[in-house]
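Single-structure report; data block below.
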Amino acid sequence: MPAVKRLLVVVDMQHDFVDGALGSEAAQAAVPAAKTLVAQAEEVVYTQDTHGEDYLDTHEGKLLPVPHCIRGSAGWEILPELYRSGARIFEKNTFGSLALAEYAAAFDEITLCGVCTDICVVSNALLIRAFAPEARVRVVSAACAGTSPEAHEAALLTMKSCQIEIG
């Protein structure tokens, strides 16, 4: 029997989402659980929300007028305690990454953690589910944080209804 290929996806664990412009206590509280997952993972990849100086002129910027994750800024950086040196990073200028979903489709088990549960985590989990319909896809809720506790729980429920395991 062939070995099971496992992947951990760390979604947008960047300073601006944890302790910066859009950071929260919930995001900070998710860091230790995410750190444990990274330490135990066979392979880890990261998504990195990436915007330009023109962020406020974009569709997202008009709806969320808080500059964040501007390429090259301190807030754009992935938390160093979560980053595994040399790991692949999928930069994205929107919520989900098609390139990540295509990459993840080669794995048997894909685990996700990160922020925000109700925006980027759910977007990437659903894309991965679509690209890897036979894979085991799961989200570790303790290693995630949403824009609010209610939004976090709603996103978990949505993912569960789409056959994504919630742990």
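Readers should treat all values here as calculations from the given coordinates under stated rules, not as data from a laboratory. Predicted model only: the values in this text are computed from it and were never measured. In this analysis, Cβ positions are derived from the backbone assuming ideal geometry, glycine residues included, and neighbour counts consider all displayed protein chains.
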If the elastic network links every pair of Cα atoms under 10 Å, which of Ser148, Ser85, Ser73 fluctuates the most in the Gaussian network model of the chain? Ser85
Check the straight Cα-Cα distances from Lys62 and name the lysines below 29 Å, setting aside those fewer than 8 residues away within the same chain. Lys92
Return the single residue from His59, His51, His68 with maximal mean-square fluctuation; model: Gaussian network over the chain, springs between Cα atoms under 10 Å. His59
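Do you know the relative contact order of the chain, to the nearest whole percent, from alpha carbon pairs under 8 angstrom that are 6+ apart?
In percent, rounded to a whole number, it is 27.
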Exposure proxy ranking, count of Cβ atoms within 10 Å, fewest first, for Val139, Val121, Val66, Val38: Val66, Val38, Val139, Val121
Neighbour counts of other C-beta atoms within 10 Å: give me Tyr103, Tyr46 arranged from fewest to most. Tyr103, Tyr46
Compute the distance from the alpha-carbon center of segment 1-38 to that of segment 88-123, in whole Å. 11
Could you tell me whether segment 98-167 comes out rounded, prolate or oblate from its Cα gyration tensor? Rule is a ≥ b ≥ c as square roots of the eigenvalues, rounded for a/c under 1.5, then prolate if a/b exceeds b/c, otherwise oblate. prolate
Let me have the 222 nm mean residue ellipticity of the chain computed from DSSP H runs of 4+ only, each contributing -39500 (n - 2.57), with the sum over all residues rounded to the nearest 500. -9500 deg cm²/dmol
Listed residues Ala155, Ala143, Ala21, most fluctuating in the chain (Gaussian network, C-alpha, under 10 Å): Ala21
Among trypsin sites (Lys or Arg not before Pro) in segment 16-86, those in a DSSP loop whose Cβ has at most 16 other Cβ atoms within 10 Å are Arg71, Arg84
Using eta = 0.890 mPa s and T = 25 °C, Stokes-Einstein with Kirkwood Rh from Cα pairs puts D for segment 15-108, in µm² s⁻¹, at 170
Dmax and Rg, reported as Rg then Dmax, of segment 1-48 (C-alpha, Å): 13.1, 48
